[in-house]
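Colleague: Here you go, one structure.
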């Protein structure tokens with residue numbers, strides 16, 4: 001097996017384990033709204049190009065910088081919230097006194113869809129932490145990037161409410177630092 005082939009296969013296996021870690025991470029009330037999608041091959045390059053284009057269109061900084069990291073990665077793991085419901089706790093952390101009031105709000109469609117239950121956002125954070133910890137255990141360089149999620153939604157790769165991307169790289173030095 002040639003180097004590129006086993007490298008791609010190994011990174012793919014780690015990406016799958018990251019997905020397992022994200023899905024099995026603890027969730028508020030044990031309800032899972034976390035979704036995972038793994039990108040490898042030419043779609044990673046398409047995503048990098050879409051990130052650059054989105055940054056130019058929106059005039060937002062660093063989409064091009066993060067796109068270069070994506071282009072140099074062997075895979076990207078998308079982790080997000082798909083049709084999240086509230087936790088039903090009426091805690092007010094979302095900015096509304098009750099969950100029903102949050103649910104009554106018209107959805108805001110920007111880079112992501114809101115407003116959203118704070119507990120579901122915490123669920124996503126815990127899932128992301130579990131996933132990147134898994135990559136770290138296998139010495140696969142990674143970095144959580146919001147810009148990947150924004151571009152993935154713009155491209156139609158996912159229609160999730162909220163999504164982050166985790167590019168994965170195996171090289172002699174982490175490409176995600178000294179950028």
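Every read-out reported here was derived from the displayed coordinates using simple, explicitly stated rules and does not represent laboratory data. Not measured: the values here are computed from a predicted model. Glycine gets a Cβ as well: all are built from the backbone with ideal geometry, and neighbour counts include every protein chain shown.
Colleague: If one computes the Cα centroid of region 140-176 and of region 35-85, what distance in Å separates the two points?
Modeller: 5 Å
Colleague: Just one of (1) 1.98; (2) 1.00; (3) 0.95 is Rg/Rh (Cα atoms, Kirkwood Rh) as worked out from the coordinates here. Which one is it?
Modeller: For Rg/Rh (Cα atoms, Kirkwood Rh), the calculated option is (2).
Colleague: Using a 10 Å cut-off on Cβ atoms, rank the peptides 143-149, 27-33 from the highest mean neighbour count down.
Modeller: 143-149, 27-33
Colleague: Take the Cβ-Cβ distance between residue 138 and residue 171 as r, set R0 to 22 Å, and report the resulting FRET efficiency rounded to the nearest 0.05.
Modeller: E between residue 138 and residue 171, to the nearest 0.05, is 0.95.
Colleague: Another one. Run the helix sum for the chain: -39,500 (n - 2.57) per DSSP H stretch of 4+ residues, divided by residue count, reported at 222 nm to the nearest 500 deg cm²/dmol.
Modeller: -15000 deg cm²/dmol
Colleague: Here's another thing I want to ask about it. Any chance you could give the angle, 0 to 90 degrees and rounded to 10, that helix 3-24 forms with the longest Cα principal axis of the chain?
Modeller: Computed tilt is about 20 degrees.
Colleague: Under 10 Å, Cα contacts only: if you run a Gaussian network model on the chain, which one of 53, 75, 131 comes out with the highest mean-square fluctuation?
Modeller: 53
Colleague: Let me ask something else. So how far apart, in nm, are the two label points at residue 5 and residue 100 if each is 7 Å from Cα heading toward Cβ?
Modeller: Inter-label distance under the simple model: 6.2 nm.
Colleague: Order of 117, 91 from fewest to most other C-beta atoms within 10 Å?
Modeller: Arranged by neighbour count, lowest to highest, 117, 91 become 91, 117.
Colleague: Nearest 10 degrees is fine. How inclined is helix 42-58 to the longest principal axis of the chain, computing both from alpha carbons?
Modeller: 60 degrees
Colleague: Additional query: To the nearest 10 degrees, how steep is helix 118-137 against the longest Cα principal axis of the chain, on a 0 to 90 scale?
Modeller: Long axis of 118-137 versus the principal axis of the chain: about 20 degrees.
Colleague: Label point 7 Å out from residue 89 along Cα-to-Cβ: which residues of region 6-46 have amide N under 20 Å?
Modeller: 23-35
Colleague: Would you look at the GNM of the chain, springs on alpha carbons closer than 10 Å, and say which of 159, 104, 72 moves the most?
Modeller: Between 159, 104, 72, it is 104 that shows the largest mean-square fluctuation.
Colleague: Evaluate the distance, in nm, between pseudo-label points positioned 7 Å from the Cα of residue 109 and of residue 58 along their respective Cα→Cβ axes.
Modeller: Rounded to a tenth, the inter-label distance reads 1.5 nm.
Colleague: Then there's this: Taking R0 as 30 Å, what FRET efficiency do you get between residue 17 and residue 46 from their Cβ-Cβ distance, rounded to the nearest 0.05?
Modeller: Calculated transfer efficiency: 0.80.
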